[in-house]
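Working notes, beginning with the structure itself.
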Amino acid sequence: MKKVNDETLSVEEQNLVMWLCPKIKDSTFLNLVDGTIATDEETIKSIKKIAKLAEYCTSQEVESRPLRASRT
């Protein structure tokens, strides 16, 4: 399991978000998914949606991030 911030790695690989975001764009990122998780079409579709949402939520540009719903 990769640590969130591993200082023993190169600068590009230290930060989990910086390491993962380019991999989300690559179709081989599914190789990073735990092998014990079912990889049927529906699950793969869900994993891709979650990965894309995570990419948006961690964007460097605040304007690119999704708005959070306000709770009253």
Practice task
Put one equal scatterer on each alpha carbon of the chain, apply the Debye formula with no solvent term, and list log10 I(q)/I(0) at q = 0.19, 0.23 1/Å to two decimals.
Solution key: -0.92, -1.13
Practice task
Mind checking which of T43, Q60, W19 is farthest towards the positive end of segment 19-72's charge dipole, using Cβ charges of +1 (Lys, Arg) and -1 (Asp, Glu) about the Cα centre?
Solution key: Q60
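Roughly speaking, what is the stretch gain from L9 to E55, that is 0.36 nm per residue apart minus the C-alpha to C-alpha distance, in nm to one decimal?
Details: separation 46, 0.36 × 46 = 16.56 nm, distance 2.14 nm.
Gain in length upon complete extension: 14.4 nm.
What's the magnitude of the charge dipole for the chain around its Cα centre, counting Lys and Arg as +1 and Asp and Glu as -1 at the beta-carbon? Answer in Debye, nearest 20. Write out the running numbers ahead of the final one.
Details: 11 positive and 12 negative charges, 73 e Å.
Dipole about the Cα centre, nearest 20: 360 debye.
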Practice task
Please give every one of the aspartates and glutamates within straight-line cross-link reach of K23, meaning a C-alpha to C-alpha distance under 13 Å, and leave out same-chain neighbours fewer than 8 residues apart.
Solution key: E12, E13, E55
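FYI, it's all coordinate maths here, none of it is from the lab. Quick caveat: nothing in here was measured; it's all calculated off a predicted structure. Note that we place each Cβ from the backbone using ideal geometry, even for glycine, and neighbour counts take in every protein chain shown.
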